[in-house]
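Have a look at the structure below before the remarks.
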Amino acid sequence: MKFLGRSDQERLHFIENDKIRKLLKLHDKKLLLELSCRTNNAIEIKLLNSRIEDSTKIFIKNYVREWFDLETDLALFYKIAAKDKLLKNLVHRFYGLRLIKIYDFFQALCWAIFGQQINLAFAYTLYRRFIENYGEKLTYKNQDYWLFPNSDIIAGLSVAELMKLQLTGKKSEYIIGLAGQIEEGNLSKESLLEKSDFNEAKNALVKIRGIGPWTANYVLMRCLGDPSAFPIEDVGLHNAIKLQLNLEQKPTIEEIRNLAAGWTNWQAYATFYLYRSLV
DNA sequence: GCCCAGGTGTCTG
DNA sequence: CAGACACATGGG
C-alpha cells in the first residue's frame, strides 16, 4: 500500500480506506476491481461495475497474482538477506513486501523511459499527462479510473504531440518507436518470455533505440519477472545504499557489485526492497 | 543560480 | 573503445 500510494499523481490505481481500486480491460470490457485484505490475510477481490463471469474470474486472479508477485517464496530471499549487511535490516522493516510488478509491457517500457535522467516527481508528471491525454477512463461514483494508453494510439502520434506533454524529443521518439514495434508484432512480452533465458530477452531489449542497460533491467525486473534483473546504474538504488550504509558519498558501480555478490537470483528483490526504503 | 534527477544516443579522438 | 556532451525540465 505504501509503495503503491507513493505518488498522488498515480492514475492507474486508487487507494482509499486500505482498499485498492484498479481498472482493467478484458475483451473490450472495462473491469473495476476493488482489493482489500481479509482478517485471515487473504486478498479479497470485488468487481464493482459489473457481474463477474467464470472466465473473467480466472483472468483477474492471474492478474493479481502477477501484479503482487504472489508465487515467489520469500523465505528463500529472507534466508540470503539475514546474512547480508545491506538487506538484513530492510527485510525486517518490510517483512512480507513483494515486488510490485507492472503487468502491462508497454506501460513498463514507457514508465522506465519517462524516468530516464529526471527526478521521480517529474517522471510521475509525465506519466500522468500521458495517461490523461491518451488513456481511456471509466467514471464510477464520481471518481475517474484510468487505463494506460494502448500502443496502437501512441504509434500514430507525432513527436510534436508528445513534446507538448514536456517529454524530450528523444523520449517522444523512443515511445512512438516502441509503440510501432509492438503494433507491428516485432516486440511483445510473450515473445521475450519465450526466449530460452532472460539474458536473451535483455539482449533483444537493448538493441531497441531508447532502451539501454538500465531500462532493460528495469523492465525485466518490474514486468518480465526476471529474479536476477539488476538495474545497477539506478540512482535510486545508489541513494538507497548510501542511506542504508550511512555513506558520505554514493557507492561506485564496483562497490555495488561487491555488495551484491551474494544476491544471485534475488537482485530484483534486493533492489525493490532498497527502493522501498526511499518511499 | 546551481546541482541533481530511478539514462541513452551520438559524436569525437 | 572510452569519454564528453546534449537532451530539457522540475525540484530542492
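The values are calculated or read from the model by the stated rules, or taken from the named source; none is laboratory data. As the structure is a prediction and not an experimental result, all values here were calculated from the model. Here Cβ is always computed from backbone atoms with ideal geometry, including for glycine, and neighbour counts include all displayed protein chains.
In table form, for the structure just shown:
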| quantity | calculated |
| --- | --- |
| Single match in A:22, A:2 (criterion: outside any helix (DSSP H, G or I), buried (at least 17 other Cβ atoms within 10 Å of the Cβ), among the charged types (D, E, K, R) and under 23 Å from the mean Cα position of the chain (by Cα)) | A:22 |
| Answer from A:69, A:84, A:144, A:152 - the residue that is in contact with a strand residue (DSSP E or B) (Cβ under 8 Å, 6 or more places away or on another chain) and either in contact (Cβ under 8 Å) with a residue 24 or more places away in the chain or outside any helix (DSSP H, G or I) (or both) | A:144 |
| Output for the stretch A:5-19, where each listed residue is more than 18 Å from the chain's Cα centre (by Cα) and in a loop (DSSP other than H, G, I, E, B) | A:17, A:18 |
| Residue ID - farthest from residue A:143 (Cα to Cα), chosen from residues in the stretch A:35-66 that are assigned to a helix (DSSP H, G or I) and among the basic types (Lys, Arg) | A:65 |
| Search result, residues across the stretch A:79-96 that are more than 21 Å from residue A:222 (Cβ to Cβ) and of a type in the set (Phe, Trp, Tyr) | A:95 |
| Failed item, numbered, when residue A:224 is tested on (1) in contact with a helix residue (DSSP H, G or I) (Cβ under 8 Å, 6 or more places away or on another chain); (2) within 24 Å of residue A:173 (Cβ to Cβ); (3) within 13 Å of DNA strand B (Cβ to nearest atom); (4) not charged (D, E, K, R) | (3) |
| Scan of the stretch A:153-186 for residues that are touching a Leu at 6+ places or on another chain (Cβ under 7 Å) and not hydroxyl-bearing (Ser, Thr, Tyr), ordered by number | A:165, A:166, A:167, A:175, A:176, A:178, A:181 |
| Residue under evaluation residue A:32, criteria (1) of a type outside the set (Phe, Trp, Tyr); (2) outside any helix (DSSP H, G or I); (3) under 26 Å from residue A:241 (Cβ atoms), criterion not met | (3) |
| Criterion violated by residue A:232 - all others in (1) within 12 Å of DNA strand B (Cβ to nearest atom); (2) not in a loop (DSSP other than H, G, I, E, B) satisfied | (2) |
| Filter result (buried (at least 16 other Cβ atoms within 10 Å of the Cβ), away from DNA strand C (no atom under 16 Å from the Cβ) and more than 12 Å from the chain's Cα centre (by Cα)) within the stretch A:106-139 | A:131, A:134, A:135, A:138 |
| Residue in the stretch A:161-177 that is more than 13 Å from DNA strand C (Cβ to nearest atom) and under 24 Å from residue A:100 (Cβ atoms) present | no |
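Listed here are the residues, each with its yes/no results for (1) over 18 Å from the mean Cα position of the chain (by Cα); (2) at pLDDT below 95; (3) polar (S, T, N, Q).
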| residue | (1), (2), (3) |
| --- | --- |
| A:160 | yes, yes, no |
| A:164 | yes, yes, no |
| A:175 | no, no, no |
| A:188 | no, no, yes |
| A:221 | no, no, no |
| A:224 | no, no, no |
| A:229 | no, no, no |
| A:252 | yes, yes, yes |
| A:268 | no, no, no |
